[in-house]
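Notes for the one structure printed next.
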Amino acid sequence: MKRRIDALIAKNNCQSYDDYVALIKKDPVMLEQFVNYLTINVSEFYRNPEQWKVLEQDILPALIKEKGRRLKIWSAACSTGDEPYSLAMVVGKQVGLANVEILATDIDKQVIEKAKLGLYNVKSLAGLPAE
Ligand SMILES: C[S@@+](CC[C@H](N)C(=O)[O-])C[C@H]1O[C@@H](n2cnc3c(N)ncnc32)[C@H](O)[C@@H]1O
């Protein structure tokens, strides 16, 4: 964090942390730059596969039993979209895509743009099931 913040301070020609805090308080563009620079956006399809297994095998069946097949899901820090698209695949398989509503949000506007685009390189798709 310190290294990243120091780099931003230098990039914006600030002389101290206080100067930089004053800058991001008064300039919304600088604040956005700060948030985008600081967030760690690592993500991949089915990241932490063991958790997806629990979701698929335990949580979803229990949820469907209790609430029915129409589900609303919030991917609250969705990064580049790998998580909400993984959710669409996993949940859609159990209840049908038409029954799932997925809200995906992130504090970092840059990754939201990537998520909307939905383009991924071959490497990040490597762990996806064939179907
Ligand atoms: C390490 S990524 C994880 C992405 C995804 N959930 C996954 O597991 O693959 C963490 C994400 O959380 C976002 N984030 C951090 N603080 C946040 C906040 N207060 N509100 C919304 N998103 C936030 C970051 O911008 C980043 O994209």
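With a cut-off of 17 Å, note down the residues of region 74-94 whose backbone N falls inside the zone around a label point 7 Å from the Cα of Lys65 toward its beta carbon.
The answer is 94, whose backbone nitrogens lie closer than 17 Å to the label point.
For the chain, what does the helix formula give at 222 nm: sum of -39500 (n - 2.57) over DSSP H segments with n ≥ 4, over the residue count, nearest 500 deg cm²/dmol?
Values: 7 runs with 68 residues, N = 131.
One gets -15000 deg cm²/dmol as the mean residue ellipticity at 222 nm.
If eta is 1.002 mPa s and T is 20 °C, what Stokes-Einstein diffusion coefficient results for the chain, Kirkwood Rh from Cα pairs, in µm²/s?
Working: Rh = 17.1 Å.
Translational D for this selection: 125 µm²/s.
If I model a spin label as a point 7 Å beyond the Cα along the Cα-Cβ vector, how far apart are those points for Ile73 and Val54 in nm?
1.5
Using modelled backbone amide H atoms (1.01 Å from N, in-plane), which distant-in-sequence or interchain residues come within less than 5 Å of Ile73's amide H?
Glu101, Ile102, Leu103
If the viscosity is 1.567 mPa s and the temperature 4 °C, what Stokes-Einstein diffusion coefficient in µm²/s follows for region 49-125 when Rh is the Kirkwood radius over Cα pairs? Don't skip to the end; give the middle numbers.
Working: Rh = 13.2 Å.
In µm²/s, the coefficient rounds to 98.
In whole Å, how far is the Cα centre of region 66-106 from that of region 14-54?
24
Too long at a 28 Å Cα-Cα cut-off: which of Lys2/Lys114; Lys53/Lys114; Lys53/Lys109; Lys53/Lys116?
Lys53/Lys109
No lab work stands behind these numbers, since they all come straight from the coordinates. Treat the numbers as computed from the prediction; the structure is a model and nothing was measured. Ideal geometry is used to build each Cβ from the backbone, glycine not excepted, and the neighbour counts take in all protein chains shown.
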